[in-house]
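The structure appears below as structure tokens.
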Amino acid sequence: MELQLAHAAATDVGRVRDQNEDAWLALPDSRLFAVADGMGGHAAGEVASRVAVETLAEELGDAPPGEPETARSQLEHAVLAAGRRIHDQSARVPERHGMGTTVTALQFLEAGRTVLAHVGDSRAYRLREGKLRRLTRDHTWVQEQMDRGLMSESGARQHPASSVLTRALGTAPRVSPDLSVVDWRPGDVFLLCSDGLTGPVPDEDIERTLREIPDPQAAAAALVLLANERGGPDNVTAVVVRTGAESPPEDSRTPSS
Ligand code: CA
């Protein structure tokens, strides 16, 4: 299956914060896309998220990936390297002490496969035939409560501790990502986003937006706008990647009879 990708990204500081500590990456030649959401005082969050995406680009930016097994371990290696680098800086520079970041990174392979690495509460989604599926599980305290049946999805979104992470890159010498291999088909739409989107905007609205707006640039912009219309409580970032060619319009098909 030949791999064609159309992508776009949109990011915004939101309506409350005064700096944007989100970072994103799109390297179409290496078919690599990522979102990182930094945390830490004195602009350290901005440093952490930038180091994360820069390290991924350095480690994986040279060539298209190969087999799923290899691609998966290369992606894991790159995320571990990013975590080490952030932790080193945080240990050396007092103003950056305790900084960390989420990272959600997706790399497309041939043969209908992607590899996905994930730490924190940024998310990956896939829209297929109009249905949205979440591909990552948040590393948050509220997610753990939900897993135990102690909290509902909407309760978790509105909870004061909704952004408390149980895993963040750079906060320890070694932080391992969750890794998975996910399939893609032509016409799928993948979304990587920070919690500045998923906090104020429920999955149903993300699904409707991606279904109704096929163009990645327009869809990414619409998602950021939705978050800001609902208060823009946080930095918001959306990377939208559409796979494969659309089926040809009806009138260009060869009549069968
Ligand atoms: Ca955030």
- Query: Using the alpha-carbon centroid of each, what span in Å lies between segment 81-137 and segment 1-50?
  - Reply: 10
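Would you work out what percent of the accessible area of segment 1-78, with all protein chains in place, is carbon or sulfur (probe 1.4 Å)? Before the final figure, lay out the partial values.
On the way: 1750 of 3960 Å².
With neighbouring chains kept in place, the figure for segment 1-78 is 44 percent.
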- Item | Residue-normalised accessible area of segment 5-243, expressed per residue, 1.4 Å probe, Å² | 43
- Would you please name the trypsin sites (Lys or Arg not before Pro) within segment 116-223 that are DSSP coil residues with at most 12 other C-beta atoms within 10 Å of their C-beta? 148, 174
- Task: Please give the helix 44-60 orientation as an angle from the longest Cα principal axis of the chain, in degrees from 0 to 90, rounded to the nearest 10.
- Result: 50
- Would you calculate a helix-derived [θ] at 222 nm for the chain, using -39,500 (n - 2.57) for each DSSP H run of n ≥ 4 and dividing by the full residue count, to the nearest 500? -10000 deg cm²/dmol
- Query: For segment 121-211, which GluC sites (Glu not before Pro) are in a loop by DSSP, counting at most 11 other Cβ atoms within 10 Å?
  - Reply: 129
- Query: Anyone know which of 35, 13, 164 comes out most mobile in the 10 Å Cα GNM of the chain?
  - Reply: 164
- Could you give the nm distance between label points at residue 145 and residue 43, where each point is 7 Å from its Cα heading toward the beta carbon? 3.5
- On a 0 to 90° scale, report how tilted helix 203-212 is relative to the longest principal axis of the chain, with both axes built from alpha carbons and the result rounded to the nearest 10. 40
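For the full complex of protein chains and a 1.4 angstrom probe, list 24, 184 by accessible area with the highest value first.
Values: 24 105, 184 5 Å².
Most to least solvent-accessible, the answer reads 24, 184.
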- Query: Between residue 212 and residue 15, what FRET efficiency comes out of the Förster formula 1/(1 + (r/R0)^6) with R0 = 30 Å and r the beta carbon distance, rounded to 0.05?
  - Reply: 0.80
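The values are calculated or read from the model by the stated rules, or taken from the named source; none is laboratory data. Because the structure is predicted, anything quoted here is derived from the model rather than measured. Glycine also receives a Cβ, built like all others from the backbone with ideal geometry; neighbour counts cover every protein chain displayed. The protein model used for the area step is the full one, side chains on, heavy atoms only, and it has no ligands, DNA or RNA in it. Shrake-Rupley method; radii C 1.70, N 1.55, O 1.52, S 1.80 Å.
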